[in-house]
Each structure stands twice: as C-alpha cells, then as structure tokens.
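First up is the structure itself, then whatever we jot down about it.
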C-alpha cells in the first residue's frame with residue numbers, strides 16, 4: 001500500500017482524489033495549505049505527492065522548489081487549473097535549488113525542461129494546449145526523418161565501428 005499526500009485546497013477535488021485512491025488500496029492524507037504540505041513532505045514518509053500549484057500559504061512551485069532543494073526525491077504529480085501565459089511558460093523552466101541547501105543527490109526537478117530539450121535536440125518541439133475548465137494537453141512533436149549530420153561531424157567510414 002502506498003502512502004499518498006494530496007496537497008489540494010479545493011475540498012471537492014481533494015475528496016474525489018482521496019476516494020479514488022483509497023478505493024484502489026492507497027493510504028491518503030489531505031493537506032490544504034502549502035506551508036503545512038511542505039512540512040508534512042519533509043517530516044513524514046510518503047510514496048507520492050499530488051500537488052496543486054494554486055495553494056494558499058505557499059504555492060506549489062515554492063513547495064516543489066523547497067523539496068528538491070532539500071534533496072527530497074519523492075515523486076510529485078502536479079495539478080493546476082492555471083492557464084495564464086506566464087504559468088504555461090514557467091512549467092518548462094528548470095527548478096532552482098534553495099540557497100545553502102544540503103544536497104543528497106544531483107537531481108534538480110527538471111521535468112518538462114528535459115522533455116523540451118530532447119524534443120529540440122531531435123528537431124522537434126513540445127506543444128501545450130490549455131483550455132480553462134478542460135485541462136491541458138502536451139504534444140511531443142518529433143520529425144520522422146533524422147536530422148542530417150552537421151558538416152563538422154565526419155561520417156562513419158565503411159567497416160569502422162559506429
């Protein structure tokens with residue numbers, strides 16, 4: 001059985017999540033304030049956090065930055081109803097570490113910034129379509145044809161190992 005922290009301030013949504021997860025055999029704890037949720041994530045053992053970005057006290061971005069800054073590796077599923085341009089661009093940024101934090105790992109919470117970098121390295125892109133009340137759809141666009149080798153990189157010679 002997994003222990004899941006539901007960090008959500010909307011009672012109907014947190015109740016819906018809690019009922020579904022408990023029916024699937026998971027133990028759940030609901031928290032409705034970002035400051036309290038950050039403390040619970042630090043002080044208690046959870047296998048997963050479902051994190052709302054629009055939390056009172058401390059927003060989900062700050063909660064996640066603090067967690068990763070402390071070196072916490074707990075998986076986090078982010079929920080949001082935000083659809084402003086600044087919010088949609090921000091989710092592709094790398095998360096900054098808190099100043100002076102002790103590191104237990106080199107992980108930085110890179111998430112969608114890695115997805116974007118991989119897509120761009122293959123000549124592709126990531127598209128985001130958000131609709132208020134309907135959610136968001138991420139589409140990874142990668143061309144079928146490989147990118148031609150650059151003139152600076154020599155082509156492999158016949159019979160040479162690749």
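FYI, it's all coordinate maths here, none of it is from the lab. Predicted, not measured: the structure shown is a model, and the values here were computed from it. A quick note on method: Cβ atoms are made from the backbone with ideal geometry, for glycine too, and the neighbour counts reach across all protein chains shown.
Below are the figures for this structure:
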item	result
Segment 1-80: C-alpha gyration tensor shape, a/c 1.5 cut-off, then a/b vs b/c	oblate
Two-site label geometry, residue 27 and residue 120: point separation in nm, points 7 Å out along Cα→Cβ	4.3
